[in-house]
Amino acid sequence: MAKRNVDSEVLYTEVAKLLTDLKQCVVLTGAGISAESGIPTFRSLGGLWEKYDPAVYASIEVFRKDPSKYWILRGDFIRNYDSYQPNNAHLALAGLEQMGIVRCVITQNIDGLHKKADSKHVIEVHGSLREIYCLACGKEYRVPHIPGGTPPYCSCGGVLKPNTVLFGEQLPRDALTKAQEESAWCKIMLLVGTSAVVQPAASLLFLAKQNGAQIIEINIEKVFPDADYFIMKKAGIALPMIVEEIKKIPIL
Ligand code: NAD
């Protein structure tokens with residue numbers, strides 16, 4: 001049961017104090033943190049899954065048979081990778097890292113916005129849309145030098161695939177191992193804008209909880225019943241408010 005699950009000034013003060021006292025905070029983010037940057041989420045109301053069946057449009061099995069399906073979804077999801085900018089939530093997390101409070105951000109997002117916000121320690125467990133590569137010859141293309149077309153093709157004639165994890169694919173081993181280590185070790189896990197249903201990323205939350213971490217959830221809906229603190233607010237508003245509260249705490 002959350003100690004606090006309202007949006008009150010006291011709650012921000014308590015969360016700020018906890019972060020300042022314990023530090024060693026690991027952040028787990030999902031699509032909701034980028035919603036205020038104009039990127040649609042998958043599962044929330046009006047999300048992409050209402051329009052596209054993930055089993056068809058974002059599975060590796062279907063991609064191998066008909067890659068155009070994925071590239072149609074991609075066109076509707078992030079048309080122009082470079083046009084999206086980090087919002088106040090991404091920037092606040094980068095600031096908390098600079099303050100020595102956040103150790104790293106583990107993100108399920110593939111939009112690259114944490115890195116654009118200048119967070120230094122980012123683990124992209126589902127890969128990134130920055131790069132695509134040829135399934136035939138392995139040649140890599142990076143944004144903005146991505147060929148057009150649905151699907152796009154390599155100069156060798158092979159079809160191009162994003163460097164992201166599709167349904168039915170394994171997560172990048174190194175990223176997952178690092179994410180598990182950080183989650184098992186942290187004193188606070190800050191859960192931001194994720195429905196926490198996609199595995200194995202969601203299991204990181206339980207790993208943190210089992211190892212005694214305090215869980216702070218920021219979301220516009222409550223997802224994790226066992227969170228110690230729940231802030232029901234948009235991430236782009238709540239995170240800067242926490243940073244402001246931390247700045248009020250005197251340094252001893
Ligand atoms: P999700 O779509 O399942 O859930 C989004 C969550 O964010 C919901 O709980 C919703 O209530 C919350 N939310 C929406 N707006 C918010 C806001 N302004 N502030 C705080 N919370 C907000 O997302 P997920 O859990 O990340 O799982 C979806 C999967 O789809 C991930 O694996 C991810 O790779 C992928 N995805 C990525 C992006 C991206 O890169 N931006 C976008 C959509 C989906």
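The table that follows gives values for the structure above.
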quantity	calculated
Estimated dipole of segment 1-153 in Debye, rounded to 20 [Cβ of Lys and Arg +1, of Asp and Glu -1, Cα centre]	300 debye
Degrees, to the nearest 10: 67-77 long Cα axis against longest axis of the chain	40 degrees
Gln199 paired with Ala136, simple spin-label distance in nm, labels 7 Å along Cα-to-beta-carbon	3.8 nm
CD proxy at 222 nm, helix term only [per DSSP H run n ≥ 4: -39500 (n - 2.57); per residue of the chain; nearest 500]	-10000 deg cm²/dmol
Cα long-axis angle, helix 235-248 against the chain (0 to 90 degrees, to the nearest 10)	40 degrees
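Values in this text are rule-based calculations from the coordinates and carry no lab data. The structure displayed is predicted, hence computed values, not measured ones. Counting neighbours? That spans all protein chains shown, and the Cβs are built from the backbone with ideal geometry, glycine included.
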